[in-house]
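Structure, as structure tokens:
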């Protein structure tokens with residue numbers, strides 16, 4: 001995760017995290033937002049630091065979860081605080097590949113989760129996008 005750079009700033013009484021994506025200012029969103037003890041992480045695709053994607057769905061899933069973890073930690077949370085994930089995949093028949101990676105991170109945490117097939121994601125090389133919500137005690 002050392003190649004995942006997250007910065008934070010306070011905005012309108014909330015703490016916002018940015019991954020430096022060129023789309024954040026264009027679309028007007030943050031990688032993650034903390035309000036009180038709640039952290040919401042926007043959809044994260046499994047893009048590598050150099051802008052490429054692995055051809056492996058498992059690798060993209062792991063990368064998405066690493067970005068989510070970095071965003072949560074930048075806002076004072078931990079991966080154990082995640083209460084919900086939502087996964088959007090372009091090929092739901094490969095759900096078990098996604099499930100194994102998700103389970104390796106969340107097997108003991110057991111957040112509520114959803115996996116849905118979508119026609120495509122914003123970047124044609126992306127096979128998965130994951131959102132997460134966390135509550136920090």
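For the stretch 8-46 and the stretch 75-92, compute the distance between their C-alpha centroids and round to whole Å.
Computed from Cα coordinates, the inter-centre distance equals 15 Å.
If we count other beta carbons within 10 Å of each Cβ, what is the order of 54, 93, fewest first?
Working: 54 16, 93 8.
Listed from fewest to most nearby Cβ atoms, that is 93, 54.
Which whole-number percent gives the relative contact order of the chain, counting Cα pairs below 8 Å spaced six or more residues apart?
On the way: 269 pairs, mean separation 39.8, N = 137.
Over the chain, the number comes to 29 percent.
Take 82, 116, 45 and order them by how many other Cβ atoms sit within 10 Å, fewest up front.
116, 45, 82
Taking the Cα atoms only, what angle lies between the long axis of helix 57-74 and the longest principal axis of the chain, rounded to 10 degrees?
10 degrees
Taking the Cα atoms only, what angle lies between the long axis of helix 95-106 and the longest principal axis of the chain, rounded to 10 degrees?
It is inclined by approximately 40 degrees.
If r is the Cβ-Cβ distance from residue 91 to residue 35 and R0 is 41 Å, what FRET efficiency results, to the nearest 0.05?
Values: r = 34 Å, r/R0 = 0.84.
Computed FRET efficiency for residue 91 and residue 35: 0.75.
Just want the ordering: 133, 10, 125, 50, from fewest to most Cβ atoms lying within 10 Å of their own Cβ.
Values: 133 18, 10 9, 125 14, 50 6.
Ordered from fewest to most neighbouring Cβ atoms within 10 Å, 133, 10, 125, 50 come out as 50, 10, 125, 133.
A short reminder: the numbers here are calculations on the coordinates, not readings from a lab. Every value quoted in this text rests on a predicted model; they were computed, and no experiment measured them. Neighbour counts are summed over all protein chains in view; Cβ atoms, including those assigned to glycine, are modelled from backbone coordinates with ideal geometry.
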